[in-house]
Amino acid sequence: MVYFDLFRRSFPLIPKSEVVVEPLQLSEPDSDIETLKQHPKNTNGALNLHKNIIKSENEQKFENLLSNLLKFGVLIASAVVLFGGIIYLVHHGSEPAKYQVFRGEPSQFRSLNGVVKALLAGSDRAIIQLGLLLLVATPILRIVISFFTFLKMRNWKFVIITLLVLTSLIYSLVGRA
């Protein structure tokens, strides 16, 4: 309110105006509601009286699929990492930590083949790596499912966008020189 008074004092030539609002009579139809009732339903969803978009059954199934994929993918990956961490601590928990020298990840854990071979050999660290791979694979799988869903729906704009995202993800994972 202070800013408005300061503005009013700075520009005294602007006349004051008043707005009078009269209540809607019960017998008068509300033009907005009548317009919405007469509005044709579009193919992407219908409009209800509160101007919310109601999604079609296919769109709701698609959203539920992606939501469940992300939810359960993260939960499963977390459970695998936790299980591998517990096994690792049972076997190596009493060993003293050596922070004087940094040792990177062993070469066997730097590729998918190496992780699978170490997992089959019974390595507890391979279980942790498998959980991390599942965690990385979850959003990639979401993008792949989205791509094929948009392709099936013939929504070309989202097909191209999803393909670009998928291409950049794949390049960032395997395109190192």
Residues that are among the hydroxyl-bearing types (Ser, Thr, Tyr) and within 20 Å of SER78 (Cβ to Cβ), drawn from region 121-177: SER123, THR138
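Each row is one residue, and each column tells you yes or no for (1) farther than 21 Å from ILE170 by Cβ; (2) outside the structural domain of VAL159 (by TED's automatic domain parsing); (3) surrounded by 14 or more Cβ atoms within 10 Å (Cβ to Cβ).
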position: SER67; (1), (2), (3): yes, no, no
position: GLY73; (1), (2), (3): no, no, yes
position: VAL81; (1), (2), (3): yes, no, yes
position: ALA121; (1), (2), (3): yes, no, no
position: GLN129; (1), (2), (3): no, no, yes
position: THR138; (1), (2), (3): no, no, yes
Residue count, region 140-177 (criterion: without any contact (Cβ under 8 Å) to a residue 12 or more places away in the chain and surrounded by 15 or more Cβ atoms within 10 Å (Cβ to Cβ)): 0
Single condition SER146 does not satisfy, out of (1) modelled with pLDDT of 90 or more; (2) outside any helix (DSSP H, G or I): (2)
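The values are calculated or read from the model by the stated rules, or taken from the named source; none is laboratory data. Owing to the predicted nature of the structure, the values given are computational and were not obtained by experimental measurement. When we count neighbours, we look across all protein chains shown, and the Cβ atoms used for this are built from the backbone with ideal geometry, even at glycine.
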